[in-house]
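For reference, the structure is listed below as structure tokens.
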Amino acid sequence: MKLWEQEAPGIHSVQGAWDNAPGMTPYLLKGDKPRAAVLVLPGGGYSMRAEHEGEPVARWLNSIGLSAFVVHYRVAPYRHPYPLMDAQRAIRLVRFHAEEWGIDPERIGILGFSAGGHLAATVCNHAAAGTLGSEDPIDTCSSRPDAAVLCYPVISFREFSHEGSILNLLGDGHDIQLLDELSNHLRVSPGTPPTFLWHTADDSAVPVENSLEYAKALSRNKVPYELHVFPEGRHGLGLADGDPSVSQWSALCGKWFRQIGFV
């Protein structure tokens, strides 16, 4: 499913890129009443999208009663703001087609891993209201998620940063102001949606301080959140099947979804 009916903004800048155009894969559940839905953003340092953080996660969301979409947002050589534009467009598209797809437009969440977690947090803190009177009716819908799940997310582009994500998203020569703009713990506001976070304490790729700083910012702004830090576990575990400790995150997240009224 393409995110853009016509050629996406900037897509012509990479030869043959339309063959891998931004889109999303739906995993819809049928029912008598509209369901909540969650958009999944796999990680990959803004250089690729990890398969194990895509479809398996959507299938898990289905198993707890949530419709899901895996978003194929643009990565390098595309730079900021293209991934953000794609993620915002995906939320608007789901909200626009909510009735047709059996989705509650007021219960649309976003879930991201690693760099996908950074993108999810960026969407949460750079949400845009719908533009009334837009020529594209999809743009009349808000891009703000109603809930967020951030899994070992990249949050800071300053201290405790992940250099690969910064390089792939911004390239060389970016300025300090942009680093601050995309350091999402600095952008949290009372309007940031309720958030579930998890990380491992010994993550050597994306330090746990990323989640800790974001949780502190949520607390300061009185945004409801739940944070779990597991003692051990490598970066990029996804659902963490086979790890008795870290794999608990999905059950804990499922309970959180129920608490906030998503299931």
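The values are calculated or read from the model by the stated rules, or taken from the named source; none is laboratory data. In this text the structure is predicted, and so the values were computed from the model without any measurement. FYI the Cβ positions are ideal-geometry reconstructions off the backbone, even for glycines, and counts take in every protein chain you see.
Criterion first (assigned to a helix (DSSP H, G or I), buried (at least 16 other Cβ atoms within 10 Å of the Cβ) and of a type in the set (A, V, I, L, M, F, W, C)) does residue 239 satisfy it? Here the answer is no, as residue 239 does not meet what is asked. Of all residues in the range 70-95, those that are over 17 Å from residue 110 (Cα atoms) and touching a Gly at 6+ places or on another chain (Cβ under 8 Å) total 4.
Looking across 86, 146, 136, one residue alone is surrounded by fewer than 24 Cβ atoms within 10 Å (Cβ to Cβ), of a type in the set (D, E, K, R) and either closer than 14 Å to residue 41 by Cα or in contact (Cβ under 8 Å) with a residue 40 or more places away in the chain (or both). It is 146. Quickly run through the range 149-163 and pick out the residues that are surrounded by 17 or more Cβ atoms within 10 Å (Cβ to Cβ) and either in contact with a Cys (Cβ under 9 Å, 6 or more places away or on another chain) or of a type outside the set (S, T, N, Q) (or both). Passing the criteria: 149, 150, 151, 152, 153, 154, 155, 157, 160, 162. The set of residues from the range 66-99 being part of a loop (DSSP other than H, G, I, E, B) and touching an Asp or Glu at 6+ places or on another chain (Cβ under 8 Å) comprises 73, 74.
From the set of residues in the range 43-65 that are part of a loop (DSSP other than H, G, I, E, B) and in contact with a strand residue (DSSP E or B) (Cβ under 9 Å, 6 or more places away or on another chain), which is farthest from residue 32 (Cα to Cα)?
44
What about residue 21, is it over 24 Å from residue 105 (Cβ atoms), buried (at least 16 other Cβ atoms within 10 Å of the Cβ) and either among the charged types (D, E, K, R) or at pLDDT below 95 (or both)? It is false that residue 21 is over 24 Å from residue 105 (Cβ atoms), buried (at least 16 other Cβ atoms within 10 Å of the Cβ) and either among the charged types (D, E, K, R) or at pLDDT below 95 (or both). Of the set (1) of a type outside the set (Asp, Glu); (2) within 18 Å of the chain's Cα centre (by Cα); (3) closer than 16 Å to residue 117 by Cβ, all apply to residue 189 but (3). For the range 100-121, a residue qualifies if it is buried (at least 24 other Cβ atoms within 10 Å of the Cβ) and either assigned to a strand (DSSP E or B) or out of contact with any strand residue (DSSP E or B) (no Cβ under 8 Å at 6 or more places or on another chain) (or both), and the qualifying residues are 108, 109, 110, 111, 112, 113, 115.
Of the candidates 153, 105, the single residue that is farther than 13 Å from residue 210 by Cα and not charged (D, E, K, R) is 105.
Exactly one residue out of 211, 204, 247 is touching a strand residue (DSSP E or B) at 6+ places or on another chain (Cβ under 7 Å) and either crowded, with 18+ Cβ neighbours inside 10 Å or not charged (D, E, K, R) (or both), and it is 211. Pairing each residue of the range 161-187 that is over 15 Å from residue 121 (Cα atoms) with any residue that is surrounded by 16 or more Cβ atoms within 10 Å (Cβ to Cβ) and of a type in the set (Ser, Thr, Tyr), provided the two are 6+ apart or on different chains, yields C-beta distances under 7 Å for 168/46.
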